[in-house]
Amino acid sequence: MDPPQPPKAAAAAATTTGSTTLLSHLISVDTALSEYLHSTLKPFLPHFLLFLLELSADFRLFFPISLSLLLAPNSSTSLFLLRRPFLSSLLLGLLLDLVLIALIKLLFRRSRPVYNKNMIAAVSVDHYSFPSGHASRVFFVASIAHFFANDVANLLHLAVWSWALLTSLSRVFLGRHFVFDVFAGASLGVLEALFAFRFLRFYL
């Protein structure tokens, strides 16, 4: 028979067990909700639209286009000076996002949904689900655009944020991610944009 545990050790063990149980419950709810949304909504959504949303936030497409815009010659010096801080912060933020997402994925190693089909992973880390790189990327872009262009038309802001939201939701509808992956990725993207806007732009 095992000797009785000291009160502090017993309390710590109970707390750990309770935390593990709560986390397991949250993961179960997340998994069930994600599968329900995928199986219920995907059949009614245009596949080409989901594919375009997925493609629009792909790093392999987004980064080269942004870099080309930064390096493109411009006859207007004033326009270049306005464009450079935004695009430079955008590019550095995208690289930061790529590194952070890879590190977090390797740390948690959460498997993607079992019903995730027809996805070609660019690198091995893409086999992991948490957090969503697409969600972090689009919310970073939407946030950084909002911070740099807070005086532009509200319609443009609405368009950018709608794109970010729809792209993030499409990750669940396509079966690429769970809901919590998307929420965590979106939150990370906003934090990255705050960092890029407050710090990176002053050194560019």
* To do: Once you have the Cα-Cα distance between LEU194 and LEU98, take 0.36 nm times their residue separation minus that, and quote the gain in nm to one decimal.
  => 32.9 nm
* **Burial ranking of peptide ranges 157-165, 140-148 (average Cβ count within 10 Å, highest at the top)** => 140-148, 157-165
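Sorted by average packing, counted as other Cβ atoms within 10 angstrom per residue and highest first, what order do 57-65, 131-139, 87-95, 31-39 take?
Per-residue Cβ counts within 10 Å, averaged per peptide and sorted highest first, yield 131-139, 87-95, 31-39, 57-65.
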* Between ARG84 and LEU165, what is the spin-label point distance in nm, taking each point 7 Å from the Cα along the Cα→C-beta axis? -> 3.7
* Asked: Could you give the length gained on full extension between PHE63 and ILE27, defined as 0.36 nm per residue of separation minus the Cα-Cα distance, in nm?
  -> 9.7 nm
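Every read-out reported here was derived from the displayed coordinates using simple, explicitly stated rules and does not represent laboratory data. In this text the structure is predicted, and so the values were computed from the model without any measurement. Cβ: placed from backbone, ideal geometry, glycine included. Neighbour counts: every protein chain shown.
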